[in-house]
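**Q** The structure under discussion is supplied below as C-alpha cells; questions concerning it will follow.
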Amino acid sequence: MTTADAPHPHDAAAPHPEGATHPLALAPVTPPPATVDGFVAEFLRTLNFDCGVALSASTANDRYVALAHTVRDYLMGRWLEDLRQQKETQAKSVCYLSAEYLLGRQLDNNLLASGLTEIAAEALAACGLSLDELREHEIEPGLGNGGLGRLAACFIDSLATLGVPSIGYGIRYEYGIFRQTFEDGQQVEQPDAWLTLGSPWEFPHPERAQLVSFGGRTETYDDGGVTRTRWVPAWNVSAIPCNYMVPGFENGRVNTLRLWRAKATDAFDLRIFNSGDYEEAVRAQTFAENISKVLYPEDSTPQGKELRLQQQYFFVAASIHDFLDTMLAEGYDLAKLGDRVIFQLNDTHPVIAVPELMRVLVDERGMDWDAAWAVTRRCFAYTCHTLLPEALEVWSVDLLGRLLPRHLEIIYRINEEFLAAVRARFGDDELRIRNMSIIAEFPERAVRMAYLATVAGSKVNGVAELHSQLLREKVLPDFDAFYPGKFTNVTNGVTPRRFLRLANPALSSLITEAIGEGWVTDLERLRELEPFADDAGFRASFAEVKAANKRRLNDVLHARDGMRVGDGHLVDVMVKRLHEYKRQLLKVLHVVSEYEGVISGRIPLEQLQPRTVVFGAKAAPGYAMAKRIIHLINAVGSTVNADTRLDGRLQVLFPPNYNVTLAESVIPAADLSEQISLAGKEASGTGNMKFALNGALTIGTDDGANVEIRELVGDENFFLFGMAEPEVEALSARGYRPSEFYQADAGLRRAIDLIASGSFSAGDRSVFEPIVSNLLYEDRFMVLADYASYMAAQDRVDAAYRDGDRWIRSAILNVARCGFFSSDRSIHDYIDRIWHTPPMI
Ligand code: 26W
C-alpha cells in the first residue's frame with residue numbers, strides 16, 4: 001500500500017536493517033522493577049527526561065504526564081511482546097471497526113491492569129504527591145456519543161483480558177463529544193478540546209501514515225486482454241496512526257487501539273503562498289485536517305453530511321490498508337484472508353469497508369470479482385445497535401458517487417448480483433426485490449448501508465435477545481428469510497474492571513472478602529454471593545457500602561456542581577442520552593405528580609418517601625425536542641428543590657456534562673435504575689447492566705436487555721411496568737390517541753396541566769407548550785399510555801424501600817445474578833457464534 005510521500009529524502013518507515021536477527025532485537029523489553037523504589041525512580045526519570053523538568057519546578061500537568069509515562073513504561077514490554085507474538089503465531093485476529101470509542105479516563109484502568117495501583121500510590125506519596133490528586137488531571141477522551149461508543153471500549157478491554165489477537169480501529173477526533181453546560185436550564189455546547197494539555201497515552205507514528213483518496217473518477221483500461229477499472233482520485237489525505245495501549249487485566253497482555261488522525265499530504269502550497277494568497281495556500285491543509293476534527297454528536301438521526309461520510313471512509317480505508325500491509329509483508333495469500341481476519345462492523349458507520357476491500361482486491365491486487373467477493377463475505381460481520389428506522393444510515397448515490405465513484409460502482413455490482421440471487425430464489429416478486437434492494441429508489445436514490453452490511457456480512461447480530469428477534473421479524477425479515485442462519489444474537493455486556501472493580505472499590509472488596517477475587521475475570525462467580533443475601537451481617541455491610549458510595553457521590557457532586565443527594569434519600573437515577581424513546585418525560589411526570597400531590601395536599605408530606613432524582617443526559621445539538629426536555633427537567637428541578645413545602649423530601653439533581661467519569665461516581669451510589677424506554681425501542685441498554693451489578697434495583701419495561709436482566713434476577717427483584725412490545729404494536733395498530741389517556745387519568749391530567757400552566761416557567765405557558773401538545777396529540781413513544789403502570793410501579797418501589805432489609809436482599813441478588821452481563825461473556829459469544837478466533841491465552 002502506498003504510504004504518504006514522505007518529504008524527507010530517506011524512507012522514514014524503513015525497517016531495522018537486520019530486523020529480528022539482531023541480537024539486541026531479540027532482547028525482551030524489561031519493565032522497571034515493580035517496587036515502590038522502582039516506581040519512584042521511573043517516575044522521576046520520566047519527569048526529568050521525558051517532561052524535562054525537576055520535581056521542584058514541575059507543574060501538576062508535568063507530574064500527571066510523568067505518571068502516565070511511568071505506567072506506560074511498565075506495560076511497554078508486554079505490548080511489544082504481544083505484537084511480536086501475534087506476528088509470529090499468525091493467529092486469526094479481530095479488527096473492530098468503530099467510529100466511536102468512549103474510553104473514559106485511562107490512568108486508573110492501566111494501573112489496575114498492571115497491578116500497580118498500590119505501588120503507585122505509595123511511590124507518589126514518597127515524592128510528596130497524591131495519586132488521588134493527580135488522577136483528577138486526566139481529561140477523559142470523549143470519542144463517542146453513548147451506548148455504541150462505550151460498548152466498543154468495554155469490548156476492547158475484554159478482548160485484551162481474554163487474550164484475543166485483535167486491534168481496535170477508529171478516528172482520533174481532535175474534539176470529542178461536546179462539553180455540556182446549562183444556561184438558565186438550557187443545554188449549551190462547548191467544544192471538547194481534550195488534547196489541549198497533550199495526550200500522554202498516545203503513540204503517534206507519522207512515518208506509518210496511510211494515503212486515503214477521495215473524489216475524482218474511474219476509468220477502465222485493458223490489462224493484457226482483461227478489462228480492468230482504476231480509480232483516479234481528485235485529492236488525498238494522509239492518515240496518521242495514533243496507537244493506544246489496551247492492557248488485559250493482570251494477564252500480561254496488551255492489545256492496540258489505533259486511531260487515525262487526518263493530515264494534509266502537502267501541508268502547504270508554497271507556490272500559492274508566494275503568490276500572496278495565504279488562505280488558499282493552507283486551504284488544502286485545513287480541508288484535510290477537518291476530517292478528524294470533531295465527532296458528530298448525533299446518536300440516532302444521521303444528518304447525511306458529506307464530512308461524516310469522509311470520516312467513515314477515511315478511517316476504514318486507512319485501517320484496511322494498514323491490516324493488509326501486515327499480510328503482504330508476510331507474503332500472505334489474500335485469497336485466504338478470511339482465515340486471518342474478521343472485520344467487525346460496529347453498526348453501519350464503517351460498512352464502506354466492504355466496497356473498499358473489494359476495490360483493493362480487484363483493482364489493486366488483480367483478483368477476479370467472484371474470488372474477491374468470496375473473500376470479502378468471509379471477512380466481515382455486522383452488529384446492528386438500533387431499532388429506530390431513522391437511525392439506519394442511507395447515503396445518496398449523488399454524494400457517494402461524487403466522493404467515492406469507484407465504491408458506488410462496486411456497490412451497484414454487489415446489488416445486481418444479490419438481486420439476481422433473490423430473483424432466482426423467489427422469482428420475479430418486484431415488491432420484494434424493491435424492498436430488498438441495497439439501492440433505495442425513494443425518496444431519493446440512496447444506498448441503504450444496513451442492507452449492504454447484511455448482504456456482505458457473514459453474520460448479522462442484534463445486541464439483546466428481544467432486539468435480535470425484532471431485527472429478524474420487523475426490521476430485516478426478507479433478509480432473514482433469504483439468509484437462513486445469518487442472523488444471530490450477542491447480548492451486550494460491560495467490563496467489570498471499570499464498572500465494578502474500579503468504580504466501586506468498597507463493594508469489590510466486600511465481594512472479594514466473601515467469594516475471593518476470581519470474579520473480576522469470571523463474573524459468573526458472583527452467583528456465589530446468593531447465600532449471603534440471607535446473611536444479616538453481609539446485608540449490613542452491603543448497606544454500609546451503598547451509604548459510603550452516596551457520601552462519595554456527594555463529595556464529587558458538591559465539588560463539581562455544588563449539589564448533593566439528600567441524606568437517607570432513595571437515590572433514583574436516570575443517566576443516558578436524551579432521546580424521546582428513552583422517555584425521560586415519563587420520569588418528569590412522576591416527579592411532577594409527586595410534587596403536585598404534596599402541594600395540593602393530596603399526598604401527606606410524611607407519606608412521601610424521601611427521594612433524590614438524579615438526571616444525566618446530553619442531547620444532540622440539532623435535536624430541538626430533546627433540548628426542550630432538558631430545559632423542562634431543569635425547570636421542574638429548580639422549582640421542586642426550592643419549594644419549602646416539600647421540606648427537601650423530593651429533590652431533582654441534573655449535573656451537566658454526564659460522561660464516563662461521572663457515571664463511575666453516580667452508578668455505585670444508586671438505589672433505583674430507571675430503564676423506562678418504550679418496549680421495542682431500546683436495542684439493549686448497557687447502563688441497566690452497570691446499575692444492577694452495582695446493587696441498584698431496576699424499574700423498567702420489557703425492552704432491550706431489561707428482559708434478560710429480569711429473567712436472571714427474578715420478577716421479585718425487578719420493578720416491571722408498562723406494555724410489552726406486542727402490546728405496543730397492537731396499540732399503535734388500532735390507533736393511539738394519547739389525549740384519551742389524559743382524559744381518563746386525573747393524576748396524569750393534573751401533572752400535565754401543572755406543566756402547561758407555566759408553573760415551572762414563571763407563568764409563561766409558551767415555554768413548554770410544545771412538549772405538552774406533543775404529549776397530548778402525538779406522543780410517538782406512548783408516555784401517557786404507560787403512565788399509570790409506571791406510577792403504580794413507583795409506589796411499589798416506595799413500599800419496598802421502606803423495608804430496608806428486603807431491599808438490600810434484593811440488591812444483593814441483583815449483583816449475584818448479573819454476572820452474565822460481563823463484556824467477557826459477550827466476547828466469548830462473538831468468538832463462538834461469529835469470529836471463531838481462539839483466544840491466545
Ligand atoms: C448516524 C447517527 C447514529 C449514531 C450512532 C445512529 C445510531 C448510532 C448508535 C447506533 C446509537 C447507539 O449508541 N445505540 C445504542 O447502542 C448500545 C450498544 O449496543 C445499546 O445498548 C443501546 O440500546 C443503543 O441505543
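**Q** Each residue of the range 804-819 in turn: what ³J(HN,Hα) in whole Hz from Karplus with 6.51, -1.76, 1.60 and θ = phi - 60°, glycine and Pro shown as x?
**A** x, 4, 5, 4, 5, 4, 4, 4, 5, 5, 4, 5, 5, 9, 10, x
**Q** Moving on to the next point. Given a 1.4 angstrom probe, I'd like the percentage of the accessible area of the range 411-560 that is carbon and sulfur, rounded to a whole number.
**A** Details: 3300 of 6230 Å².
After summing per-atom areas, the C and S share lands at 53 percent.
**Q** Would you work out which of Ala262, Thr286, Pro350 lies farthest towards the positive end of the dipole of the chain, given +1 charges on the beta-carbon of Lys and Arg and -1 on that of Asp and Glu, about the Cα centre?
**A** So the residue we want is Pro350.
**Q** Quick one: Debye curve from the C-alpha atoms of the chain, no solvent, what's log10 I(q)/I(0) at q = 0.05, 0.06, 0.11 Å⁻¹?
**A** -0.28, -0.41, -1.38
**Q** Amide H neighbours of Arg611 under 5 Å, counting only residues 5+ apart in sequence or on other chains, H built in-plane at 1.01 Å?
**A** Correct list: Leu570, Leu650, Gln651.
**Q** With only Lys, Arg, Asp and Glu charged, each at its Cβ (+1 for the first two, -1 for the last two), find how big the charge dipole of the chain is about the Cα centre; round to the nearest 20 debye.
**A** Details: 84 positive and 114 negative charges, 89 e Å.
Dipole of the chain, to the nearest 20 debye: 420 debye.
**Q** Whole Å is fine, so just give me how far the alpha carbon centre of the range 801-841 lies from that of the range 607-671.
**A** Rounded to whole Å, the Cα centres lie 28 Å apart.
**Q** Let me ask another. Let me have the relative contact order for the chain, percent, based on Cα pairs under 8 Å that are six or more residues apart.
**A** Working: 1521 pairs, mean separation 105.5, N = 841.
For the chain, the relative contact order is 13 percent.
**Q** Under a straight-distance cross-link criterion of Cα-Cα below 14 Å, which aspartates and glutamates are reachable from Lys546, leaving out those fewer than 8 residues away in the same chain?
**A** Asp567, Asp572, Glu664, Asp671, Asp805
**Q** Another question about this same structure. Take every Cα pair under 8 Å in the range 334-468 that's 6+ residues apart, average their separations, divide by the length, and report that relative contact order as a whole percent. Mind showing how you got there, number by number?
**A** Values: 164 pairs, mean separation 45.1, N = 135.
Worked out over the range 334-468, it gives 33 percent.
**Q** Can you give me the relative contact order of the range 516-654 as a percent, contacts being Cα pairs under 8 Å and 6 or more apart? It would help to have the intermediate numbers written out before the result.
**A** Details: 139 pairs, mean separation 33.7, N = 139.
RCO, the range 516-654: 24 percent.
**Q** How charged is the neighbourhood of Leu47? Take every other residue with its Cβ under 10 Å from the Cβ of Leu47, and add Lys/Arg as +1 and Asp/Glu as -1.
**A** Working: positive: Arg45, Arg63; negative: Glu42, Asp50, Asp62.
After counting each charged neighbour, the total is -1.
**Q** Could you state the accessible area per residue of the chain in Å², with a 1.4 Å probe and every protein chain left in place? Walk me through the numbers on the way to the answer.
**A** Numbers: 31690 Å² over 841 residues.
The answer is 38 Å² per residue.
**Q** Another question, if that's okay. Show that you can apply the helix-only estimate: for the chain, add -39,500 (n - 2.57) for every DSSP H stretch of four or more residues, divide by all residues, and state [θ] at 222 nm to the nearest 500. Don't skip to the answer; put the middle values down first.
**A** On the way: 32 runs with 369 residues, N = 841.
It lands at -13500 deg cm²/dmol.
**Q** Based on the alpha carbons, how large is the Rg to Rh ratio for the range 231-370 when Rh follows Kirkwood?
**A** Values: Rg = 18.2 Å, Rh = 17.7 Å.
A ratio of 1.03.
**Q** Quickly rank 59-72, 331-344 as a protection proxy: mean count of other C-beta atoms within 10 Å, highest first. The partial results should precede the final answer.
**A** Numbers: 59-72: 21.4, 331-344: 17.3.
Result, highest mean Cβ count within 10 Å first: 59-72, 331-344.
**Q** Using per-residue counts of other Cβ atoms within 10 Å, averaged over each peptide, order 787-794, 684-691, 756-763 from highest down. Write out the running numbers ahead of the final one.
**A** Numbers: 787-794: 19.0, 684-691: 27.4, 756-763: 15.8.
Per-residue Cβ counts within 10 Å, averaged per peptide and sorted highest first, yield 684-691, 787-794, 756-763.
**Q** Karplus couplings for the range 37-54 from phi (6.51 cos²θ - 1.76 cosθ + 1.60, θ = phi - 60°), rounded to Hz, Gly and Pro as x?
**A** Values per residue, Gly and Pro as x: 4, x, 5, 4, 4, 5, 4, 5, 4, 5, 4, 6, 8, 7, 8, x, 9, 8 Hz.
**Q** Also: Explain nothing, just compute: Karplus ³J(HN,Hα) = 6.51 cos²θ - 1.76 cosθ + 1.60, θ = phi - 60°, for every residue of the range 685-700 in order, whole Hz, x for Gly and Pro.
**A** Taking θ as phi minus 60°, the curve returns x, 10, x, 3, 5, 5, 5, 4, 5, 9, x, 9, 8, 9, 9, x Hz for the range 685-700.
**Q** What's the angle, to the nearest 10 degrees (0 to 90), between helix 405-426's Cα axis and the longest principal axis of the chain?
**A** With rounding to tens, the tilt is 70 degrees.
**Q** What lysines does Lys263 reach when the alpha-carbon gap must be under 18 Å and sequence neighbours fewer than 8 apart in one chain are set aside?
**A** Lys293
**Q** Check cross-link reach from Lys305 to the aspartates and glutamates: straight Cα distance under 12 Å, and skip same-chain residues fewer than eight apart.
**A** The reachable aspartates and glutamates, counting only those whose Cα sits under 12 Å from Lys305, are Glu393.
**Q** May I ask for log10 I(q)/I(0) of the range 233-274 at q = 0.19, 0.22, 0.25, 0.28 Å⁻¹, from a Debye sum over the Cα atoms as equal point scatterers with solvent left out?
**A** So the normalised log intensities work out to -0.70, -0.80, -0.88, -0.95.
**Q** Using protein chains only and a probe of 1.4 angstrom, how many square angstrom of Thr256 are accessible, to the nearest 10?
**A** It works out to around 10 Å².
**Q** Right, something else. If packing is taken as the mean number of other Cβ atoms within 10 Å per residue, what is the order of 645-655, 149-159, highest first? Present the calculation step by step, with values, prior to reporting the outcome.
**A** Working: 645-655: 18.7, 149-159: 27.0.
Averaged packing, sorted descending, gives the order 149-159, 645-655.
**Q** Choose one of Val94, Ala41, Gly77: the residue whose Cα lies farthest towards the positive end of the charge dipole of the range 9-126 (beta-carbon charges +1 Lys, Arg; -1 Asp, Glu; about the Cα centre).
**A** Toward the positive end, the furthest listed residue is Val94.
**Q** Under 5 Å between amide hydrogens, which residues at least 5 positions from Val494 or on another chain qualify, with H placed 1.01 Å from N in the peptide plane?
**A** Ser822, Ser823
**Q** A follow-up question, please. Please state, as a whole number in µm²/s, the translational diffusion coefficient that the Stokes-Einstein equation yields for the range 57-117 at 4 °C and 1.567 mPa s, with Rh defined as the Kirkwood radius across alpha carbon pairs. Provide the component values of the computation, followed by the final result.
**A** Working: Rh = 14.1 Å.
Taking Rh from Cα pairs, D becomes 92 µm²/s.
**Q** Could you work out how far helix 746-756 tilts from the main Cα principal axis of the chain, as a 0 to 90 degree angle to the nearest 10?
**A** Compared with the principal axis, the helix lies near 60 degrees.
**Q** Still on this structure: Along the positive direction of the dipole of the range 595-696 (beta-carbon charges: Lys, Arg +1; Asp, Glu -1; about the Cα centre), which of Leu672, Ala620, Gly648 reaches farthest?
**A** Highest projection toward the positive end goes to Ala620.
**Q** Around Gly19, under 14 Å between beta carbons, what's the net of Lys plus Arg minus Asp minus Glu among the other residues?
**A** -1
**Q** Take the residue pairs Lys587/Lys690; Lys459/Lys618; Lys587/Lys681; Lys486/Lys618; Lys550/Lys627 and return only those whose Cα atoms are more than 24 Å apart.
**A** Violating the 24 Å limit, Cα to Cα: Lys459/Lys618; Lys486/Lys618; Lys550/Lys627.
**Q** Another question, if that's okay. Taking the Cβ of Tyr101 as the centre, find all other residues whose Cβ is under 15 Å away and add up their charges (Lys, Arg: +1; Asp, Glu: -1).
**A** Values: positive: Arg105, Arg150, Arg172, Arg258, Arg261, Arg498; negative: Glu100, Glu140, Asp157, Glu174, Asp192, Glu202, Asp299, Asp347.
Summing Lys and Arg as +1 and Asp and Glu as -1 gives -2.
**Q** With +1 on the Cβ of every Lys and Arg and -1 on the Cβ of every Asp and Glu, and nothing else charged, how large is the dipole of the range 586-731 about its Cα centre, in debye rounded to the nearest 20? Each step should come with its number before you reach the end.
**A** Numbers: 11 positive and 18 negative charges, 152 e Å.
In total the dipole reaches around 740 debye.
The values are calculated or read from the model by the stated rules, or taken from the named source; none is laboratory data. This is a predicted model, so every value here is computed, not measured. A quick note on method: Cβ atoms are made from the backbone with ideal geometry, for glycine too, and the neighbour counts reach across all protein chains shown. These accessible areas exclude ligands, DNA and RNA; they are computed on the full protein's heavy atoms, side chains included. Shrake-Rupley method; radii C 1.70, N 1.55, O 1.52, S 1.80 Å.
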